[in-house]
Amino acid sequence: MKFTLQELTDLCGGELQGDASLTIIGAASLVEATPDEITFYGNPRYLAAFRKTRAAAAFVPADFGEQIVAAQIRVANPTKAFEQIALQLAPEPIVFPAEIHPSALIADGVSLGENISVGAHAVIEPGAQIGDGVRIGANSYIGHETSIGAGSIIYPNVTIRERIKIGERVILHSGIVIGSDGFGFENIDGAQKKVPQIGTVQIDDDVEIGANTTIDRARFGRTWIQAGVKIDNLVQIAHNVVVGKHSIICAQNGIAGSVRIGQRVVLGGQVGIVGHVEIADDTIVGAQSGVTKSLRGGTWWATPSVPLGEAKRQNAWVRRLGKLFERVKALEKQNG
């Protein structure tokens with residue numbers, strides 16, 4: 001799809017400076033944009049990259065005073081304007097037909113809603129319930145008595161084990177495993193004996209989970225991912241964890257058993273959380289932090305995690321240790 005700059009300006013309600021007839025065929029970042037694409041600049045941190053861009057045009061803030069590229073569209077929010085236009089320029093999304101592939105294995109007694117799509121070699125076990133408009137990708141596995149709500153998307157190679165409850169409009173990306181046994185063992189006479197994991201996993205409406213994430217079933221009761229939660233790739237969530245509504249968990253988090261995470265919590269990448277702690281609503285935990293105790297809210301960082309201000313002070317003190325050591329040596333030498 002192609003647009004003139006005037007058409008793009010009209011779509012986003014901006015103010016154009018440049019050739020209105022210039023044709024744009026794509027949208028890309030400052031670094032990747034080519035001479036027939038549009039980009040955007042909205043953060044002073046990226047001014048150097050903006051000066052080097054090859055883009056034909058750019059969305060810029062309404063008060064931006066420089067003319068860096070040949071054509072600029074001034075808007076209140078360059079990021080949002082770019083997102084709107086990028087969707088217009090993007091290829092049409094892939095649509096899977098509402099049909100069941102002949103190689104899919106669907107057991108007797110499975111409840112299938114209307115307009116279902118089931119890919120090649122998918123397996124749906126007895127007692128499963130699949131809601132209207134669900135899409136199940138190739139090679140995915142849906143276990144016994146599992147339910148999947150309307151409008152959910154299960155990408156290829158997803159494993160959902162028995163008696164799992166998935167809500168509506170849930171998106172599960174490839175490689176996810178939901179409902180594997182929790183990591184529970186007991187030392188008996190010097191040997192590790194498995195503790196039965198007989199609970200379930202409940203994932204509420206509008207949750208999205210990234211590729212190769214694992215969510216363990218509860219020892220008893222449920223591991224619970226509440227509505228609106230967004231989870232990145234390569235996250236491990238252990239048995240009986242509760243993640244509150246609209247929280248965000250970034251890549252490579254490891255969350256141990258029975259942790260309770262409040263609503264609207266943000267966990268940065270590679271955060272590790274020990275078991276049986278609570279993280280209050282609206283807490284932010286910085287990347288690579290280690291959480292060893294319950295957190296009461298605010299922003300935390302470091303290992304063990306402390307309030308962000310304290311973590312910054314500690315980091316500054318560590319960086320000054322070399323100079324402090326030299327001063328102490330000088331004083332010792334001066335005093336004999």
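The values are calculated or read from the model by the stated rules, or taken from the named source; none is laboratory data. Computed from a predicted model, the values in this text were never measured in an experiment. Every residue, glycine as well, gets a Cβ built from its backbone with ideal geometry; the counts of neighbours run over all protein chains shown.
The numbered conditions (1) assigned to a loop (DSSP other than H, G, I, E, B); (2) modelled with pLDDT under 85 are all true for residue 314 except (1). Of all the residues that make up the stretch 203-244, how many are farther than 20 Å from residue 150 by Cβ, among the small types (Gly, Ala, Ser) and either out of contact with any Leu (no Cβ under 9 Å at 6 or more places or on another chain) or surrounded by fewer than 20 Cβ atoms within 10 Å (Cβ to Cβ) (or both)? Within the stretch 203-244, residues that are farther than 20 Å from residue 150 by Cβ, among the small types (Gly, Ala, Ser) and either out of contact with any Leu (no Cβ under 9 Å at 6 or more places or on another chain) or surrounded by fewer than 20 Cβ atoms within 10 Å (Cβ to Cβ) (or both) number 5. If I filter the stretch 59-68 for residues that are in the same structural domain as residue 15 (by TED's automatic domain parsing) and assigned to a helix (DSSP H, G or I), do I get at least one hit? Within the stretch 59-68, none of the residues are in the same structural domain as residue 15 (by TED's automatic domain parsing) and assigned to a helix (DSSP H, G or I).
Please enumerate the residues belonging to the stretch 86-136 that are out of contact with any Asp or Glu (no Cβ under 9 Å at 6 or more places or on another chain), of a type in the set (Ser, Thr, Tyr) and either surrounded by 13 or more Cβ atoms within 10 Å (Cβ to Cβ) or in a strand (DSSP E or B) (or both). Result: 111, single match.
Among the residues making up the stretch 13-57, those that are hydrophobic (A, V, I, L, M, F, W, C), buried (at least 20 other Cβ atoms within 10 Å of the Cβ) and outside any loop (DSSP other than H, G, I, E, B) are 24, 27, 38, 40, 50, 57. Residues in the stretch 265-287 that are in contact with a Phe, Trp or Tyr (Cβ under 8 Å, 6 or more places away or on another chain) and either within 17 Å of residue 241 (Cα to Cα) or outside any loop (DSSP other than H, G, I, E, B) (or both): 283, 284, 285. Which one is nearest to residue 140 (Cα to Cα), of the residues in the stretch 206-239 that are in contact with a Phe, Trp or Tyr (Cβ under 8 Å, 6 or more places away or on another chain) and not small (Gly, Ala, Ser)? Looking at the filtered set, the residue picked out is 216.
Taking every residue in the stretch 40-62 that is among the β-branched types (Val, Ile, Thr) and pairing it with any residue that is surrounded by 12 or more Cβ atoms within 10 Å (Cβ to Cβ) and in a strand (DSSP E or B), at least 6 positions away or on another chain, the pairs with Cβ-Cβ distances below 7 Å are 53/39; 60/72; 60/74. There is at least one residue in the stretch 42-60 that is of a type outside the set (A, V, I, L, M, F, W, C) and in contact with a Pro (Cβ under 6 Å, 6 or more places away or on another chain).
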